[in-house]
Structures are given as C-alpha cells and as structure tokens.
Amino acid sequence: MELQFEQTYADAVPPLSMPWRAAQAPTPELVVLNAPLARELGLDPAELRSEQGVALLVGQVPEDVPTVAQVYAGHQFGGYSPRLGDGRALLLGEVIDVHGRRRDLHLKGSGRTPFARGGDGKAVIGPMLREYLISEAMHALGIPTTRSLAVVRTGETVLREGPQPGAVLSRVAASHLRVGTFEYAAALRRGTGGAPTGEVDADDPLRLLADYAIDRHYPEIRESVGSGDNSYLELFRRVMRAQAALIVDWMGVGFIHGVMNTDNMTISGETIDYGPCAFMDAFDPATVFSSIDSGGRYAYGNQPAMAQWNLARFAEALLPLLAPDQEVAVELATEVLTEFGVLYNELALERLSAKIGLVEPDTALVGELLGLLQRDRVDFTNFFRALAADTAGELFTDRAAFDSWAERRAAKLPADPAAVRRGMDALNPAYIPRNHKVEEALLAATFGDLAPFERLLGAVQTPFEVRAGLEDLAEPDPDGGRGFRTFCGT
Ligand code: AMP
Ligand code: MG
C-alpha cells in the first residue's frame, strides 16, 4: 500500500511534537472497518483489510515514515495540568482526502509515549468500539466530529477492572489542535522569554501555532484581514463561533460530552475524545453520567457555560498575540468572549424552535416546553418524533398542561402539516446510541459477538429514518438512565 502521509504540523511547530513509534501488536486482527471513510481518504478498503493494511492500522509503518506524539496542556475539571499530550496515541500522518481536505490519521491505544505519565499506553476493545459507534452516530446526525476508521484487536490482554482484549482505534480528524495545545505553546513562550510583547519572534511557538491553525482551519481569515494582530483575534472569533454552533448541536440531541477539559476542545470545532460521553434519555439539565464528575461540572445543562469557560482559557493563551498592550488585548478578547453567550442563545433558540416545527423562534413556547419535559422526565429523543406524529400527549402525566402548550404551538405552525412533519423528522433523530443498548452491544463484542454492535451501528448511521424491526433501539432505558455511569481513561 502506498502511503502519502505528510507531517506539516510537526514541521511547522517543531516543539509541539515528538518523533515516536507505535508499540508492536502481537497478532493484530481487524474488528471493524469504515469502508466509506477509507475511500474518502483515498485508501482502498480491500488493502486495509490485508495483512499489511491491518499492520498500518496499529502503526506498523515503514521506517522512513515519521510518526509523532503531540504535546499539549489542559485545564482538567478547572485545574491546570502543564503537560498532558498523547499518552497512548500517535499521529501516523496527514492525508489529503478526495475532497482536498487535510485530515489527521491518528491511533489511540498504540503504546506508551513520553507523555503517558502513569498510564499503560493501551486501550481495550469495549471503549474503542464505543468511540467508533458514538462518533459515527454523531457524524450521521450532522454534528462535526472526529471520525473512526477502524478498530483492531492487538492480541494482547490489557488489565482494566479485569483482563480485557487490547485494541487500537484509528481516528480521523480535521486536526488535533486543541485549546490545550495553545495553552502549552503560551507557557513555552513564557518559559523561553519569548519576544517582548509587540515584537515578532520568528520562533515563537505560539505564533507559529496560531498561524498554522489559521492556514489549516480558517484560511479565509487571510483574505479578509491579511496577517497581523487582527488575524489572531479573528482566529479567536472563528473558534468561538464554531464552538457555539457545536454546543447547540450537542444540546439539540441530548449529547453529554462528559469531560470538556480544554485538552478535549478542538480548534477546528469538531467533537473529540469520546470517553465518558453519553446521550441523555429523560430530559433533565442536571444529567451527568461520568463517574468522576461528582460536582456535575460537565452536566448537560452546563455545557454552554463550560465551552465559554474553555474559550476564556483559549483567549488567555492568545493574549500576547492580540495586541502589544495587555490591557487592550484583554479588552478585545473579552468583547469576542461576550459574543459567545449572545450567539449561543440565538442559535439554541432557533434550533429548539425548529425541532418543534416552528419557522419563527419562540422563546415562550420553547421555555415552557423545557419545563414540561423536565417535570415529567420525558425522553428527550422520542418526544420530538412523537410531537411530529401527534402522539406526544401520552408522554406527559400533566396532560392538561401539555395540551395547553400544544394548542398554542399549533396556532403558530406553518399551514402544511405534512411538510411540518417531514421537516421535524429530518431534524429529530429516531435512533441515538442509547446507553443500555450500547452497553449490551459492547459486552457482546468483548466476548466476540459483533452482531448487536453492527445492528446498532446500522441504526444510528441512518438516524432519521424509522425502520421496522428496530423498535427496541428506540426504547428508553427502563429506569430513565438514572443508574448509568461512564468512565474516563478506558
Ligand atoms: P482524556 O481526558 O481521556 O482525553 O485523557 C487525558 C490524558 O490522559 C491524555 O493525555 C491521554 O493521552 C492520557 N491517557 C488516558 N489513558 C491513558 C493510558 N491508558 N495510558 C497513557 N495515557 C493515557
Ligand atoms: Mg483527551
């Protein structure tokens, strides 16, 4: 197989990557391959299934192909960690896909790196299939996300709560630049003294990183503002907007990321790092699934505020580039940061209004609905499909309150009911990866039975189209998901 990997990031900002090789996998065996994604990358699925292809998917590449581990910092649950990085991951390289877009091909579970700290550098099959399933579901829902190319069993046994089959996930991303990457570069700049504020230092890792991020993700900035201080403020604004749109997408389908640390927030605006994430069943803004998030920092309803908090950390990292005078820089950044709240509220209201079939955003109807859903712990996914089908009343105990709301909504709907339903059904999924179904499928897969995984994957890959025989996949967790827990670092 001919490999045309590039390492433009490692070349552009040398101090943020380290040459590294994947660990040997004793007997690699393909578990699942995303053939359409392979083709999108210009790779031949048949070749990826060959011995040589599977070797590539666990990082066994020819000696002359450089592979790297990336370094970054991050605020984890509010506390700063100065050095995180790819502890068990490896960037095989960048490829230009058939649409001309540059994509990272990255491995997770490919062995310890210098950034592994206490970890073993490994990953196990259940959590890697979980990331594969949920990221592909997110993609099918139209939500920006890293993609999953394959999961390969390594043939190793890895110790977690008990012995588990080792596995490597290959994921594809617009890039792996994170807010935490900027935090690391900013600290590096401070440590080396950097150029006095206002002067340009050609080796400043922060400036190199920001320039690289603009060229890779927001090249239109070059056309609108050229280069110079304003382009970095514009970078901040674009990332702010991309994140506002992303969080609206998450909130619209009840997605809870679970670990919105700054090292898990991308500059591209893609969802990344599917560890403890999960979908909410019963509507409740306080919903948290992650076992370590005891304070509810990353609860469903906190996600917009946490995204803004992370963007503030991004702004702090960028400050030296924004203006020669620190006070001016803070002022500029604050203005953009304030726009986040306004933009988020506007987009979220638009989204929820559209989900209930309205053309004009309606604050009162949306606000009242969320109260009703919460009071009766109504299933957040099924409600919108039922509303379109005119059967939502059954989901409420306080029928009178719902009927009164429904009457006021009906008065504001466009004239053609069939068109309203079509529009709603194209926006509101029938199938999401429901926690109890995901767990069932992963348990079977861990013991070698992939049929439930493939059935669930097939459902969530076409989430808006109801199919006979998949009824059980649309059913909420019998206990409303109250007892469900997810885990980090799996
Ligand atoms: P996360 O919050 O799950 O994205 O991970 C935080 C950090 O922990 C990242 O730097 C990971 O590379 C690292 N990490 C997680 N699990 C392992 C592991 N088993 N071995 C080494 N590093 C790990
Ligand atoms: Mg991470």
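Restricting attention to segment 142-171, the residues that are of a type in the set (A, V, I, L, M), within 21 Å of the chain's Cα centre (by Cα) and either crowded, with 20+ Cβ neighbours inside 10 Å or on the phi > 0 side of the Ramachandran plot (or both) total 6.
Every residue, every condition in (1) crowded, with 19+ Cβ neighbours inside 10 Å; (2) over 17 Å from GLY74 (Cα atoms), yes or no:
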| site | (1), (2) |
| --- | --- |
| ALA242 | no, yes |
| GLY252 | yes, yes |
| GLY258 | yes, no |
| ASP263 | yes, no |
| ILE267 | yes, no |
| LEU321 | yes, yes |
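Counting just the residues of segment 245-301 that are under 16 Å from the mean Cα position of the chain (by Cα) and acidic (Asp, Glu), which one comes out farthest from ligand 2 (Cβ to nearest atom)? Residue satisfying both the conditions and the ranking: ASP249.
Counting only helices (runs of 4 or more DSSP H) that fall entirely inside segment 312-419 and contain at least 3 residues that are of a type in the set (D, E, K, R) and touching a residue at least 24 places away in the same chain (Cβ under 8 Å), the qualifying elements are 326-355.
Among the residues making up segment 407-449, those that are within 20 Å of THR490 (Cα to Cα) and of a type in the set (A, V, I, L, M) are VAL438, ALA441, LEU442, LEU443, ALA444, ALA445.
Scanning segment 340-389 for residues that are on the phi > 0 side of the Ramachandran plot and basic (Lys, Arg) gives a single hit, ARG377. Return yes when ARG117 is more than 11 Å from ligand 1 (Cβ to nearest atom) and of a type outside the set (A, V, I, L, M) and no when it is not. When the stated conditions are applied, ARG117 does not pass them.
No lab work stands behind these numbers, since they all come straight from the coordinates. If you're wondering where the values come from, they're calculated on a predicted model, not measured in any experiment. Counting neighbours? That spans all protein chains shown, and the Cβs are built from the backbone with ideal geometry, glycine included.
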